[in-house]
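Read the structure below first, then the notes.
The values are calculated or read from the model by the stated rules, or taken from the named source; none is laboratory data. Since the structure is predicted, the reported quantities are computational estimates derived from the model, not experimental observations. When we count neighbours, we look across all protein chains shown, and the Cβ atoms used for this are built from the backbone with ideal geometry, even at glycine.
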Amino acid sequence: MESLKELYRVGPGPSSSHTLAIKRICQYYLERFGKDAPYDVTLYGSLALTGKGHMTDKIVLETLGENDTNIRFSTVWDEHPNTIKIVSAHHELTFFSVGGGAFTIKGEPSIVDRYVYPENSMTQIEQYCADHNMNLYQYVETREPGIHEYLRGILKTMFKTVEAGIDKEGILPGKLQLPRVAKTLYRQALDERDPKIKKDLMITAFAYACSEENASGGIVTTAPTLGSCGVLPSVLYYFRYIEGVSEKKLTEALAVGGLYGNVIKTNATISGAEGGCQAEIGTACAMAAAAISWVRKLPIHQISYAAEIAIEHNLGLTCDPVGGYVMIPCIERNGVAALRAFDASLFADHLGRIRPNRVSFDQVVQTMKYTGKKIARELRETSLGGLAGEIKI
Ligand code: SF4
């Protein structure tokens, strides 16, 4: 598996596959060939169908140069749902945006040279930990010495995003004219007397804060994607500033949650265009469930149980963003998934004491992959069906 550095990336919202990866692709093209204008850029599939709402065209023009670039939108479905072709004066390349800000180049070997984990499944990782008598964080440190500093930086960025979003009011950019609500939700949480409702409202407010920052093009972290960027940070922020959990423990939780995201990325997909929202929000929920379970000091089999529950009950979740904006259902869905992650950890803790889980994490990942292929194209980040078909703007 790749480094966790390839999973957690920082960049501008609203979409890791439609803006962050596209920015990286255009920068890569410029670095590789130098200035080679004019640029003829074609966006295919999901990139074409939701490109305007996701600001894909804007990021292409900003990076390659507005005066040098012509963009075409093609609804032809290339071999990958997120395909972008760049033709310049002397060169031509086709790229696939594969989720979480990552990309590959058609006909070329992977440009990632950081395959630092020999283990590629949770079964293998659990076995390695059992054989070497280590926990999941020790395993990450063994495979990626020095990763702690990188993750500390990621944690700080996540917290900055929550704090930026929790303080803002106004309307999110775009035709939906959706008001920001994180600040009001947070005030409601502060006024609430029931401790359970207070906690849930706090976590929801933190998730909304991140997702609203994402929707407005703010700086966010892929966890594992930008559409799902509010789930894990809201949980970690809650632990740090409401429950007083140490930064060190939460950095470890980020590593442990990242392992589960990495296994999904390696064996299935974290792209909504490939596997529906189960691949984005489902994965984020699993990562958060694992992180929560780590903070709660659950043993490895129960951490995996929690992550498995989180995926199992997001199976089949479709991606149908209204108007192509990463707002409805995305923002609310981040809040829902953050709360669900706590439930998954609670279930794993208590069920795990009664009987072993009959569904392994690796099995549910394979099921997610299978289910993603069965989800209709209209419901995989094309905005052609589902909520997007129902709610016209
Ligand atoms: S519905 Fe889910 S997968 Fe689709 S854009 Fe929104 S968060 Fe991403």
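Miscellaneous remarks
- Check on GLU66, away from the ligand (no atom under 16 Å from the Cβ) and surrounded by fewer than 17 Cβ atoms within 10 Å (Cβ to Cβ): yes
- Options GLY272, GLY261, GLY217, GLY230: the member that is within 16 Å of the ligand (Cβ to nearest atom) and surrounded by fewer than 24 Cβ atoms within 10 Å (Cβ to Cβ): GLY217
- Matching helices (runs of 4 or more DSSP H) fully within the range 17-95 where at least 2 residues are more than 28 Å from CYS229 (Cα to Cα) and not aliphatic (A, V, I, L, M): 21-33
- Subset tally (residues that are outside any helix (DSSP H, G or I) and under 25 Å from ILE331 (Cα atoms)) for the range 267-312: 5
- Of all residues in the range 275-309 being within 16 Å of the ligand (Cβ to nearest atom) and β-branched (Val, Ile, Thr), the one that is farthest from GLU126 (Cα to Cα): ILE281
- Answer from SER74, SER121 - the residue that is under 30 Å from CYS330 (Cα atoms), in contact (Cβ under 8 Å) with a residue 60 or more places away in the chain and of a type in the set (Gly, Ala, Ser): SER121
- The residues listed here are THR251, THR225, THR269; of these, the one that is touching a strand residue (DSSP E or B) at 6+ places or on another chain (Cβ under 9 Å) and either more than 19 Å from MET327 (Cβ to Cβ) or not assigned by TED's automatic domain parsing to the domain that holds LYS374 (or both) is THR269.
- Which listed residue, of CYS210, CYS229, is modelled with pLDDT of 95 or more, within 20 Å of PRO179 (Cα to Cα) and either of a type in the set (Val, Ile, Thr) or assigned to a helix (DSSP H, G or I) (or both): CYS210
- Any hit, the range 383-390, residues being of a type outside the set (A, V, I, L, M), more than 13 Å from the ligand (Cβ to nearest atom) and touching a Pro at 6+ places or on another chain (Cβ under 9 Å): no
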